[in-house]
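The values are calculated or read from the model by the stated rules, or taken from the named source; none is laboratory data. None of the values given here were measured: they were computed from a predicted structure. Positions of Cβ are generated from backbone atoms using ideal geometry, with glycine treated the same way; all protein chains shown enter the neighbour counts. Just the protein is used for accessible areas: all its heavy atoms, side chains included, with ligands, DNA and RNA removed. Shrake-Rupley method; radii C 1.70, N 1.55, O 1.52, S 1.80 Å.
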Amino acid sequence: MKKIEDYLARSENQYLKLYDESIKHPEKFWTNIAETFVWKKRWDKVLNFDFDKPEFKWFINGKLNITENCLDRHLSTNPDKTAILFEPNDPNSKSEKISYKQLHSRVCRFANVLKSKNVGKGDRVCIYMPMVPELTVAVLACARIGAVHSVVFAGFSSSALSARINDANCKVLLTADGSYRGSKVIDLISIANDALLECNSIESTIILKRINSNIKLKDNQTWWHDEIAMVSNECEAEEMDSEDMLFILYTSGSTGKPKGMVHTCGGYMIYTAYTFLNVFQYKPNDIYWCTADIGWITGHSYIVYGPLLSGATSVMFEGVPSYPDFSRFWKIVEKHKITHFYTAPTAIRALAKHPVSLVENNDLSSLKVLGSVGEPINEEAWNWYDKNIGKSKCPIVDTWWQTETGGIMLSSLAGVTKDKPTFATVPMIGIQPILLDKDGKEIFENDSEGILAIKFPWPSIARTIYGDHHRYKNVYFSAYPGYYFPGDGALTDINGNFRITGRVDDVVIVSGHNLGTAPIEDAINLHENVVESAVVGYPHDIKGNALRAFVILLNDKLDLDMQKEIKDLISKTIGPIAKPDIIQIVPGLPKTRSGKIMRRILRKIASGEKENFGDISTLLNPEIVDQILLNS
Ligand code: WT7
């Protein structure tokens, strides 16, 4: 059998050579990578694609089960190696090491629980759980039996949860009685129960006892520990087609309801593993920690699948960086001798605000590689990270990618290709990024700025939006036909390194969370005293971006109560992360003749701009700009 190690770039020259092969002969290249995995049946054809339909199929008619590659495969070579290293919220609670053998057994056992609830191939299972090992077990148990997991971040509200459950018609809900987050205990089950009032498709709910509550179970609700006591820990892995659904994960769109991005088995498997090993240059004894939540794509691809496919030790942390104080991350690095630390710029900026003694009191000498993900990292944060955490000796991989791309698209390879502050730098092997100008023409020169697009399919591209292929085509493939359009702007330096400049649509990244402004406006507009609203992002030194809402009221009184009511509405419909920092009442909103709000102007006002609003000739009501400025 071929070994994936033989296809990893260990030097810049190897990267260039592999990159060249992957572009010239993509099918041959990805065949080699795919052959390093366990398949139940070989594929007939590597790739079929059509950017117009759009349709992407990889390893056609290949059969596999991703959990055999994450778990069974390692049992003969490394059964006792730690797969999951769990660090609980409370620093005084014991951390837990789960070996590949133990994880395999727990996954099989829970897979049998799901089967006993009548869950089978293709059924959707919603997972709304804290960052505890059972979450990983739940995800893999679904994959084991071919059920489609839909993980919903446990910070989302009950209506956000019910909307996602209903969109995918989930059969089973997996949740917990509560969760620990810093000094807070979150009443997860009450949120889940509120959501369930709106959900008809859920037949059973299985509840993990995490906070030892005495809640009374409702009909069709059972305890996790009771369920696993009744089944065996042996479970055959379901045979899946390469293009069968593996999971749905929701991401915000600039308009309308969240988009359930669909990822499939074969391509996602090989791409997440290959990028994990190339980007992080993980070596067998390394301890890798990604601080994301499994509720986001980062957690799916680079806490669960990528690392486990690679036989790595992946750390799961239940808590928050500020508890019990702002040295927690560094204490964990020292405690577990972390070699790879992958986090978000917003966390770096927040931590950098605190005395550097909180870092220096800990031994960080185990660190070899640092990573950044989720939003552009500004130079100051990059330098702080490099100097204080990496002690100027750890490469920093700034990884640009999306829920939709499934895996990392642009990044340096740690210690192999050069990093450069604020630049994601180079394309992954097999990825063909290009800058387009406003008319959709390719810009071939380096040192340019434009709209980022991808020219050729890659194995882990999302295949559709669940239940709405039309929207999938519209959002990603219509503005620039023949390309995948991610919604980001970018520039290149003279050597062709890429730097992401930010979103070019109405999505705002707040503290690394991708938020569409339209759903927030919808929530605000639910308030009886609100006529209309517009939400925009503006630069914020810790969160990257913060939100400012401009609202027109029925009567122009915005007291503290109403501020709170509006924020509560947003928390309830979306989640606390979507609350604006500033709510400003305005007599009107700048609109074009066709009634479209000119957000460009509001964005400038929110950023502190007082003049230079560009071309406002198409504004129906130019006087409104001064009136808004007067009150800001
Ligand atoms: C959007 C995708 C990637 C997983 C987590 C976020 C922004 C992501 C970077 C980066 C600059 C970045 C983009 C992208 N983004 N990584 N390294 N540099 N911007 O996934 O929630 O789907 O958000 O996050 O704007 O489009 P997501």
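In deg cm²/dmol, rounded to 500, what helix-only [θ] at 222 nm does the chain give when every DSSP H run of at least 4 residues adds -39500 (n - 2.57) and the total is split over its residues? List each step's numbers first, then the result.
Working: 18 runs with 172 residues, N = 632.
About -8000 deg cm²/dmol.
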Subject >> Student exercise, region 63-490 dipole from Lys, Arg, Asp, Glu Cβ charges, in Debye to nearest 20 >> reply: 580
Original post:
With a sphere of radius 11 Å drawn around the Cβ of T346, what net charge do the other residues whose Cβ falls strictly inside it have (Lys, Arg +1; Asp, Glu -1)?
Top reply: 0
Original post:
Looking at region 568-632, which GluC sites (Glu not before Pro) are DSSP coil and have at most 15 other C-beta atoms within 10 Å of their C-beta?
Top reply: E609, E611
**OP:** Pull up the DSSP beta bridges for the chain and report the antiparallel fraction as a percent, rounded to 5.
**Re:** 60
Original post:
Which whole-percent values make up P(r) of region 511-630 when all C-alpha to C-alpha distances are grouped in 10 Å steps starting at zero?
Top reply: 13, 46, 34, 7
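Would you tally the net charge around I23, using a Cβ to Cβ cut-off of less than 14 Å, leaving I23 out, and scoring K and R as +1, D and E as -1? Don't skip to the end; give the middle numbers.
Numbers: positive: K17, K24, K28, K455; negative: D20, E21, E27.
So the environment of I23 carries a net charge of +1.
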Original post:
Quick one: Cα convex hull volume of the chain, Å³ per residue?
Top reply: 156
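For region 121-194, what is the convex hull volume of the alpha-carbon atoms per residue, in Å³? Intermediate values should be presented prior to the final figure.
Values: hull volume 5.3 nm³, N = 74.
Value for region 121-194: 71 Å³ per residue.
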Original post:
Hey, what's region 63-490 come to in accessible area per residue, 1.4 Å probe, Å²?
Top reply: 34
Original post:
M409's amide H: which non-local residues (gap 5+, or another chain) put their own amide H closer than 5 Å, with H modeled 1.01 Å from N in plane and none for Pro or chain starts?
Top reply: W400, W401
Original post:
Given a cut-off of under 8 Å on Cα pairs at least six residues apart, what relative contact order in percent is computed for the chain?
Top reply: 12
Original post:
When all protein chains stay in place, what accessible area (Å², nearest 10, 1.4 Å probe) is found for K2?
Top reply: 80
**OP:** Could you size up the charge dipole of region 346-417 around its Cα centre, putting +1 on the beta carbon of Lys and Arg and -1 on that of Asp and Glu, and report it in debye to the nearest 20?
**Re:** 220
Original post:
If you find the alpha carbon centre of region 293-339 and of region 379-428, how far apart are they in angstrom?
Top reply: 17
Original post:
Under a Cβ-Cβ cut-off of 10 Å, what is the net charge of the residues other than V46 that fall near it, where Lys and Arg count +1 and Asp and Glu count -1?
Top reply: +1
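How much length, in nm to one decimal, is gained on full extension between L560 and K337, taken as 0.36 nm per residue of separation minus their Cα-Cα distance?
Details: separation 223, 0.36 × 223 = 80.28 nm, distance 4.74 nm.
Roughly 75.5 nm would be gained on extension.
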Subject >> Protein accessible area in the chain, 1.4 Å probe - carbon and sulfur % >> reply: 49
Original post:
Along the charge dipole of the chain, Cβ charges K/R +1 and D/E -1, which of L619, P307, Q221 sits furthest on the positive end?
Top reply: P307
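Per residue, how much accessible surface does region 511-630 expose to a 1.4 Å probe? Answer in Å², no decimals. It would help to have the intermediate numbers written out before the result.
Values: 5860 Å² over 120 residues.
Result: 49 Å² per residue.
Take the cross-link list K2/K63; K184/K335; K473/K604; K184/K353; K41/K121; K473/K610 and give me the ones stretching past 27 Å between alpha-carbons. Numbers along the way, then the final one.
Details: K2/K63 18 Å; K184/K335 24 Å; K473/K604 31 Å; K184/K353 23 Å; K41/K121 18 Å; K473/K610 39 Å.
Checking Cα-Cα distances, K473/K604; K473/K610 exceed 27 Å.
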**OP:** Can you tell me the relative contact order of region 511-630? Whole percent, Cα pairs under 8 Å, sequence separation 6 or more.
**Re:** 24
**OP:** With only Lys, Arg, Asp and Glu charged, each at its Cβ (+1 for the first two, -1 for the last two), find how big the charge dipole of region 469-557 is about the Cα centre; round to the nearest 20 debye.
**Re:** 260
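Quick one: order T618, T405 from most to least accessible surface, probe 1.4 Å. Spell out each step's value before the answer.
On the way: T618 70, T405 0 Å².
These residues rank, largest area first, as T618, T405.
List the pairs from K81/K331; K28/K418; K81/K101 whose alpha-carbon separation is above 19 Å, in the order I gave them.
Details: K81/K331 23 Å; K28/K418 27 Å; K81/K101 8 Å.
Result: K81/K331; K28/K418 exceed 19 Å.
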Original post:
Can you list the trypsin sites (Lys or Arg not before Pro) in region 89-137 that are in a DSSP coil and have 11 or fewer other beta carbons within 10 angstrom?
Top reply: K94
